[in-house]
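Here the structure comes first, spelled out in C-alpha cells, and everything after it is commentary.
The values are calculated or read from the model by the stated rules, or taken from the named source; none is laboratory data. From a predicted model like this one, the values you see are computed outputs, not experimental measurements. Accessible surface is based on the protein model in full, side chains and every heavy atom, while ligands, DNA and RNA are left aside. Shrake-Rupley method; radii C 1.70, N 1.55, O 1.52, S 1.80 Å.
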Amino acid sequence: MNWNGKDTESFQQQKEYVDTALVPLVPISFESDMKETASQHEFVQLLTMLLEKQFKGRILLIPPFTYIKQQEEEEKLAALKRWSDEIDNAGFKHKLFFTSDSNWKLAEDKIDGSLVWVPAVPLEHMEDSYKYSLIEDQAKQFVNIIVHKWQQDLS
Amino acid sequence: MSKQPVSRRQFLNYTLTGVGGFMAAGMLMPMVRFAIDPVLAHGGKGEYHTTKQKVDELSTKPTRVDFSYEQKDAWYTSEVTQTAWVYKNEKGEIVALSPVCKHLGCTVDWEGSGHKSQFYCPCHGGLYEKSGKNVPGTPPTRPLDRYQTKVKDGFLQLGKPEPQDIA
Ligand code: FES
C-alpha cells in the first residue's frame, strides 16, 4: 500500500494483513555528490514502488527517511531508531530498509530491522523500456528475499 | 491633437469592469470545466493496448504478458506497465486474467510456491483455479478479473479488466 489517503484508509481497516513496512533510506547533498544522491533516490524510489505493486496487500511503502549526507553517523542512527520504534508501535512485524547509501552497510548491526543495500544504477541516460526491465530484474531477487522472510516467519 | 478626454470616473469604471470580468472568468472557468470534463473523459473508454504477444503462440498453459502504455493523470503523464496471465481454454478462446489478487491487491503467480495448476498469492496464501475462480477457504472472496481481448494482425490486444461471474 502507498502512503496516500485511499491506501492508508484500507490499511486501517485491514491492519492484521499488512505486517511489513518498507522504508527507503535516502541521503541528500548539495555538494559534489549531489547528483549521486539524487540518482540513488531515483533508483531506490522506482525499485520500492515496484515492490509495493507486487505486494500491495501486505506491504506499506512509507515516504523515504531522508537525511543530510554529511550528518554524523550517531545522529542518523538515532533518528532512524525513532522511526523504527514508531513503526514497531504501529504493530508491524517486519521492517525493510532499502538504500543505495553504502554507509548504512557499515552500521548494519546497529539497525533494528532488515537492511537491504542495492548499489544504484545510473538511469538518467537510459531509454524507458530498458530502464523498466532493469528495475524489474533487480526487483525479482528482492521479491524472493521478501517471500522467504515471510515464510521463515511461519515456521 | 484632439484626444478623447477620459475622466477619472470613466477610467475607474473601465478598469474595474475589466478586472472584475477577469475575476469572474477566473472563478467560472474551472466550474465549467468541472461540469464538462466527466463528459469529455468518456472518450477514453473501451481503449485497447497492443501487446507483444503473438496469438498463435499461446497455449493452454497461462503465460505472463506484460504491456505498457502512457497514462495521463491530470498534469502528470506516466508510463504504466500491466501484466496479464493469458492462455487458451478448451474451447480455444483466449482467456486473459488480471494478476491483481481480489483480497488486498498483491500480484498472483501461476503455480507459485509449488501450487499445481493454480494461481497463488504470496501475501496471505490466496488461491485461484485456472479459470480465475477463487478457492474457498483462502482469503479472496471473488474471482480474478478478466481482460477484454482483441486480436490485431496476429497480436493480442487487451482492454479493461472486468469482474467475472463464475459460480
Ligand atoms: S492479497 Fe492476496 S491473499 Fe491477501
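Computed from the Cα positions only, the extents of the range A:100-155 along the three principal axes stand at 42, 28, 10 Å, in decreasing order. Accessible-area loss of 30 Å² or more (1.4 Å probe, protein heavy atoms, chain alone versus all protein chains) is found in the range B:68-82 for B:Glu79, B:Thr81.
On the accessible surface of the range B:49-162, probed at 1.4 Å, how many percent belong to carbon and sulfur atoms?
Values: 2820 of 6020 Å².
Answer for the range B:49-162: carbon and sulfur cover 47 percent of the accessible area.
Buried on complex formation within the range A:25-59 (loss of at least 40 square angstrom of accessible surface versus the isolated chain, 1.4 Å probe, ligands and nucleic acids ignored): A:Lys53, A:Gln54, A:Gly57, A:Arg58. Accessible area per residue for chain A, computed on protein heavy atoms with a 1.4 Å probe, is 55 Å². Averaging Cα coordinates gives a centre for the range A:75-111 and one for the range A:1-30; these two points are 15 Å apart. Nonpolar atom fraction for the range A:5-150, defined as the carbon and sulfur part of the 1.4 Å probe accessible area, stands at 52 percent.
Wrap a convex hull around the Cα atoms of the protein assembly as shown, take a quarter of its surface area, and give that in square nanometres. If you can, show how the numbers build up before the last one.
Values: hull surface 114.7 nm².
About 28.7 nm², averaged over all directions.
Using a 1.4 angstrom probe, figure out how much accessible area the range B:93-160 has per residue, in square angstrom, rounded to the nearest whole.
Details: 2890 Å² over 68 residues.
Here the residues of the range B:93-160 average 43 Å² of exposed surface.
Chain pair A, B: how much accessible area is buried, both chains summed, with a 1.4 Å probe, in Å² to 100?
Values: alone 9120 and 11910 Å², together 19840 Å².
Between A and B, the summed buried area is about 1200 Å².
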